[in-house]
Amino acid sequence: MDLNKCYEESVLLIGPMCSGKTSVLEPLLAKLYKETNLIRSLSVVKTDLIFPEFLKKTSYSYALHKKLERHSEMGAFRYLHKFTLEHTFHFLENMRNPMLIEFGGLSTLPLTSEERKRLKRAFLGFKNVVLLLPVKDKNESHKILRERWINSQRKNSEFLNLINEEIVNDSLNEEISTIIIYTEGLTFDEIAEEIKNRVKENRYCYVKKGDENK
């Protein structure tokens, strides 16, 4: 077990819902595997898919969640979200091997100052934290994401669109990322190629936070 390798070779995809993380995962994995001197082996993890198993080991109550949901969408969201963040913390703290990870959009949304501090600590040291956003302008990004959400015909579109707006407006994702990719107008293959190239650059030079399209 080499924790330094875990921090240096893992690729962590973050960003709001509908930012393209899932769609870029497969072409990105293929490109990273071709770079044999860059990434020798990566396990692929989608945190949203393993979250239900994590919930079974917590104090989460489905009955309470549904009861809260009948009274307030926000109350139900806040109840579930604390477990979402605990899953993020638990997952990162227990990583032992290099991984290609897709974090759900809600995985990096803090609701309190303490959650913000914990998220920053949890991502600290990872060399390839890749933030996907449509464009640099936050208002325009949200308009594009809203349109994508509507086109995808997902449920609870208005409430979750408001939450997605919070994710876009919050500065935390920019703070914890080491790479930012603006994706509007690019194909998923082109986005994957850009990520691969930036990860390759990061292997030799740590990217300073605050650098644009870093």
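Taking 0.36 nm per residue of separation and subtracting the Cα-Cα distance, full extension of the segment from Leu3 to Asn139 would add 45.1 nm. Placing unit charges on each Cβ (+1 for Lys and Arg, -1 for Asp and Glu) gives region 3-204 a dipole about its Cα centre, and among Val129, Tyr7, Asn139 the Cα reaching farthest toward its positive end belongs to Tyr7. Separation of the alpha carbons by more than 26 angstrom is noted, of Lys46/Lys200; Lys21/Lys200; Lys5/Lys200; Lys136/Lys196; Lys67/Lys143; Lys46/Lys196, for Lys67/Lys143. Here are several values of mean projected area of the Cα convex hull in nm²: (1) 11.9; (2) 13.1; (3) 11.1. Which one was derived from the coordinates shown? Matching entry in (1) 11.9; (2) 13.1; (3) 11.1: (1). The slack in the chain from Glu193 to Phe89, taken as 0.36 nm per residue of separation less the alpha-carbon distance, amounts to 34.5 nm. Of all aspartates and glutamates in the structure, the ones whose alpha carbon falls short of 18 Å from that of Lys56, not counting any fewer than 8 places away in one chain, are Asp48, Glu86.
Report the net charge of residues surrounding Thr187, where surrounding means a beta-carbon distance below 11 angstrom and charges are Lys +1, Arg +1, Asp -1, Glu -1.
Details: positive: none; negative: Asp189, Glu190, Glu193, Glu194.
Charge balance near Thr187 sits at -4.
In a fully extended conformation the segment linking Lys117 and Leu80 would gain 11.4 nm over its present Cα-Cα distance, using 0.36 nm per residue. For a paramagnetic label modelled on Ser171 (point 7 Å from Cα along Cα→Cβ), amide N atoms under 17 Å away belong, within region 102-128, to 109-121.
Here, each number is a calculation from the coordinates, and none is a lab measurement. What you are looking at is a predicted structure, and each value in this text was computed from that prediction instead of being measured. Ideal geometry is used to build each Cβ from the backbone, glycine not excepted, and the neighbour counts take in all protein chains shown.
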